[in-house]
């Protein structure tokens, strides 16, 4: 399910001395690496080649709002490791991951642009969104960055983004699609299935008692698809397995806590405490309460059959390996 990851250098601090070669630089959170992000990075890849230098991404962890305004911070589309893996696939040479904390939040905009972007990173080509802001109190903008880059013979372009169905693609739009259960739209905006990355934890083993043992996945911090039953593919231990995925409270058993449960088809093994990735391919149905366990089991058999059918159709069309 994953493309080959090309080598990319990852640093968690800025260089102590300016980089030698002029670079093309993108900065931001890049949550999800959607088609808008990919188009921006493709443009900057061309600029880096023109400069005969590297393509650099400067990003932050956690999301700035998680530090500045935790109550307004969005759930993440992907984890930091996920972002780094996709950046490696997009021709990025070097990623600088800076921890967003009080010290970083206090950096003045002119220092961020002059000393960091144009100085230490040797940035000479930038592409930014029309509403981009940076630095302490978000006082930095396109005009400031263009002026400072111009002092270093650099250039800054406004990147208008990419539209889908007449609406600009953004991380917020992807999150809304996922939250609404529109995982196929999310896949179109991301160019890949939405992936939850978590760890398999112990549950109450209820699925095993009815013949469908499930992996209970703990994936804190990421946005969750709407409650329902989904077709997916689960990655664990270096292998991928077809999966029927349930997100919800299990109303037939009077559950209250939202759980992520994946039934891996044709799989046997102990995967407790192991990392597991869940790719969401399609939504089958809403979660609902059944009159009895027998009715639930009959529906699960149908869900599994539908999962096999959907995945087989996808593979026949060359959309899945």
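The values are calculated or read from the model by the stated rules, or taken from the named source; none is laboratory data. Given the structure is predicted, the values throughout are model-derived calculations rather than measurements. All Cβ positions, even for glycine, are placed from backbone atoms using ideal geometry, and neighbour counts span all protein chains on display.
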In the range 223-251, residue farthest from residue 75 (Cα to Cα) [restricted to those that are in contact with a helix residue (DSSP H, G or I) (Cβ under 9 Å, 6 or more places away or on another chain) and surrounded by fewer than 19 Cβ atoms within 10 Å (Cβ to Cβ)]: 226
Residues located in the range 88-127, provided they are assigned to a helix (DSSP H, G or I) and in contact with a helix residue (DSSP H, G or I) (Cβ under 8 Å, 6 or more places away or on another chain): 102, 105, 109, 110, 113, 114, 117, 118
Breaking point among (1) more than 15 Å from residue 93 (Cβ to Cβ); (2) free of Cβ contacts under 8 Å to residues at least 24 places away in the same chain; (3) touching a strand residue (DSSP E or B) at 6+ places or on another chain (Cβ under 9 Å), for residue 49: (1)
Residues (surrounded by fewer than 21 Cβ atoms within 10 Å (Cβ to Cβ) and assigned to a helix (DSSP H, G or I)) located in the range 28-46: 35, 38, 39, 42, 43, 45, 46
Candidates 79, 20, filtered to the one that is farther than 22 Å from residue 131 by Cβ and touching a strand residue (DSSP E or B) at 6+ places or on another chain (Cβ under 6 Å): 79
Failed item in (1) without any contact (Cβ under 8 Å) to a residue 12 or more places away in the chain; (2) over 30 Å from residue 245 (Cβ atoms), with residue 152 passing the rest: (1)
Residue within the range 186-202 that is at pLDDT below 90, more than 28 Å from residue 27 (Cβ to Cβ), surrounded by fewer than 20 Cβ atoms within 10 Å (Cβ to Cβ) and in the same structural domain as residue 282 (by TED's automatic domain parsing) present: yes
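Which residue, of 137, 125, is in the same structural domain as residue 108 (by TED's automatic domain parsing) and exposed (fewer than 14 other Cβ atoms within 10 Å of the Cβ)? If you could, list the steps in order and put the result at the bottom.
Working: 125 fails: exposed (fewer than 14 other Cβ atoms within 10 Å of the Cβ).
Selected residue: 137, the only one of 137, 125 that is in the same structural domain as residue 108 (by TED's automatic domain parsing) and exposed (fewer than 14 other Cβ atoms within 10 Å of the Cβ).
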Number of the condition not met by residue 321 [criteria: (1) closer than 20 Å to residue 208 by Cα; (2) not in a strand (DSSP E or B)]: (1)
Residue within the range 45-56 that is within 26 Å of residue 173 (Cα to Cα) and either within 16 Å of the chain's Cα centre (by Cα) or not assigned by TED's automatic domain parsing to the domain that holds residue 278 (or both) present: yes
Matching residues in the range 52-84 - criterion: being in a loop (DSSP other than H, G, I, E, B) and without any contact (Cβ under 8 Å) to a residue 40 or more places away in the chain: 52, 62, 63, 69, 73
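Just to check your reading of the model, which residue among 261, 313, 287 is closer than 14 Å to residue 214 by Cα, surrounded by 12 or more Cβ atoms within 10 Å (Cβ to Cβ) and either touching a strand residue (DSSP E or B) at 6+ places or on another chain (Cβ under 7 Å) or modelled with pLDDT of 95 or more (or both)? Don't jump to the end; show me each part of the working.
Numbers: 313 fails: closer than 14 Å to residue 214 by Cα; 287 fails: closer than 14 Å to residue 214 by Cα.
Step by step, each of 261, 313, 287 is checked, and only 261 is closer than 14 Å to residue 214 by Cα, surrounded by 12 or more Cβ atoms within 10 Å (Cβ to Cβ) and either touching a strand residue (DSSP E or B) at 6+ places or on another chain (Cβ under 7 Å) or modelled with pLDDT of 95 or more (or both).
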